[in-house]
Amino acid sequence: MAFKKSKKSSVSLETPTSLFNDLKTRKIPALFAHQDKILQDFTANVGVPNVALQLPTGSGKTLIGMLIAEWKRRKYTERVVFVCPTKQLAYQASNEANEKYAIKAICFTGSKKDYEQKDMMAYQNAEAVAVISYSSLFNIKPFFNDADTIIFDDAHAAENYISKLWSLEVNRHTDAVLFRALADILKPKLTNQNYRRLTKDAKAPDDHLWVDKLSYPDFLELVPELSDVIEAHIEDSTLKYSWAMIRDHLSACHLYIGFSQILIRPLIPPTSFFPPMDGAKQRVYMSATLGEGGDLERIFGQANIKRLETPDGWDKQGIGRRYFMFPARSLEREFEQ
């Protein structure tokens, strides 16, 4: 049986915009001027490892991200992952890509043992863009450990999803034995009031809202004892996964306490030592609010993130709408006071 020759692509791959123009079955008639400009700016920085795009709400951010993903997949035969904060947003993004943009995207959610074999092969062979949640990437053994390009949507909201992988969260109720054992170790470093807050029932409303941080020198002094106690209680707990990530690096962590939780985690997630993140050729961060104070670098544990300017005129052309609720409008006038 003779081998069939692969057909040459009929779409232009010169730029993401030219690719968009050749996606004949798309339901979006044309790009706005600001979308075209941001795609041009991205193309000029395609070799930069960390690039951030600030795209305000209603500016068509998902379309831009999906076009970048599809262009890199087709032009460079790259494995591309589009990351969303939640499963619901991942479904929404993949549906928009397939139904509106004519871009083949596959949504992967839940446990990797439930992924379809054909879908996994399509991603690995760079035949489709994978759309996942942050927790599908930042876990102890992710399937998506070999992406060439990672596109982070809503990057400003990613902190808790990322840091959770390196966070030992000991809960007062579900991990009661370990929680009390750690509290006893911390006792010499706490005031009497704070120790009572940590170990007794709340006496005042503010007790439930109380949070504090153990000083770093005090934490370092207690590390050997804390480590021994955690090791003795961790084996049959789901905490063993996050503990495995920080066990040998406690000197790089900090300890936070509150009425309901004791938390040990690094200030900055060590993503440079996390192969699924560090192994990517390029990481693209998209957000409505990137900020300029180093928050993006701190959230993702990456230095030297290049920010592309928001194009002028984005506020004059948009596709999004905001939903405002005014509950008081349903009340009679005498109740509005």
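The values are calculated or read from the model by the stated rules, or taken from the named source; none is laboratory data. Just so you know, these numbers come straight off a predicted model, no measurement behind them. Here the Cβ positions follow ideal geometry from the backbone for every residue, glycine too, while neighbour counts run over all protein chains shown. Side chains included, ligands, DNA and RNA excluded: accessible areas come from the protein's heavy atoms. Shrake-Rupley method; radii C 1.70, N 1.55, O 1.52, S 1.80 Å.
For the chain, the residue among 290, 190, 270 whose Cα projects farthest onto the positive side of the dipole built from Cβ charges is 290.
In plain terms, the chain from residue 48 to residue 208 could stretch by 53.0 nm, reckoned as 0.36 nm per residue minus the Cα-Cα distance. Which entry in [x] 1.17; [y] 1.06; [z] 1.13 is this structure's computed Rg/Rh (Cα atoms, Kirkwood Rh)? It is the one labelled [y]. Secondary structure note: in the chain, about 35% of the DSSP beta bridges are antiparallel. With both labels modelled 7 Å from their Cα along Cα-to-Cβ, the residue 120 to residue 160 distance reads 3.1 nm.
The distance between label points at residue 240 and residue 88 comes to 3.4 nm (points 7 Å beyond Cα on the Cα→Cβ vector). Taking all Cα-Cα distances within segment 161-263, those exceeding 24 Å account for 18%. Can you tell me, using C-alpha contacts under 8 Å and at least 6 residues apart, the relative contact order of the chain as a whole percent? Once normalised by length, the contact order is 27 percent. Length available on full extension from residue 12 to residue 306: 0.36 nm per residue minus the Cα-Cα distance, which gives 103.1 nm. Net charge in the neighbourhood of residue 259 (other residues with Cβ under 15 Å of its Cβ; Lys, Arg +1, Asp, Glu -1) is +1.
For segment 243-269, the residues whose backbone nitrogen is under 20 Å from a point 7 Å from the Cα of residue 172, taken along Cα to Cβ, are 255-265. Protein heavy-atom accessible surface, 1.4 Å probe, per residue over the chain: 56 Å².
Using a simple spin-label model with pseudo-atoms 7 Å out from Cα toward Cβ, residue 26 and residue 273 lie 4.3 nm apart.
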